[in-house]
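Please treat every number below as a calculation from the coordinates, not as lab data. Being a predicted model, the structure only gives us computed values, none of them experimental. We place every Cβ from the backbone using ideal geometry, glycine too, and count neighbours over all the protein chains shown.
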């Protein structure tokens, strides 16, 4: 199962020189998570968590922004995480945030995908104006560089905080879920989430995000599953 999920929250830890530090608790190595925000690129090497999962978290500041993230993933896989972006300038800025996860093993056949996006915008500088806008999709689910699942939440393409210091919810919007259920392309190298938006000065946008990719069941496996369900149904009728 291939899952990419991002849960919102303020991240802990600090990236130094664009690369997050990570300790080792033994066991399998964590895959390197690549993060891009406009022209900035950083990597996070993660730390082992429960079972076969890994944790990633960090905070990074650039000339025009502050980014935080908190991610949990399994490279064979799923990933949960959180992202928050603050505009540190005196003017509205456009941001493109991309997070890329290498996958293992590859899925050479067709896949099924599903995803969701939601979050909030906060008037962090208390000036009474906080707006987030999108010109295309707020969220793109990506397989090997190809966009396969664009999503813009209900109420878009713009959301505004109602008063000074206020917060407005960007409602969670699900596509292809529960599931995943939308047919898509093979996944050979990586999957990614891309968030694209403009944000007013001094304000903060936080996002929760989920991208799920799974192999399409083989016909024989699907047939056996269907026959098993049929057998259970028949046995239940005989008992009744």
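Side notes on the structure shown:
- The length gained on full extension between residue 32 and residue 218, counted as 0.36 nm times the residue separation minus their Cα-Cα distance, comes to 63.9 nm.
- Ranked by how many other beta carbons lie within 10 Å on average, peptides 174-180, 66-72 from highest: 66-72, 174-180
- Gain upon complete extension [residue 90, residue 61; 0.36 nm per residue less C-alpha separation]: 8.9 nm
- Shown is the FRET efficiency for residue 41 and residue 163, computed with R0 = 51 Å from the Cβ-Cβ distance and rounded to the nearest 0.05: 0.90.
- On the principal axes of its alpha carbon atoms, the stretch 65-187 extends 52, 26, 21 Å, with the longest extent given first.
- Straightening the chain between residue 106 and residue 154 buys 13.9 nm, computed as 0.36 nm per residue apart minus the Cα-Cα spacing.
- The residue 52 and residue 135 beta-carbon pair, evaluated with R₀ = 30 Å, returns a calculated FRET efficiency of approximately 0.20.
- When both the stretch 65-130 and the stretch 145-212 are represented by their alpha-carbon centers, they are found 8 Å apart.
- Peptides 86-97, 205-216, 122-133, ordered by how many other C-beta atoms sit within 10 Å of their residues on average, highest first, read 205-216, 122-133, 86-97.
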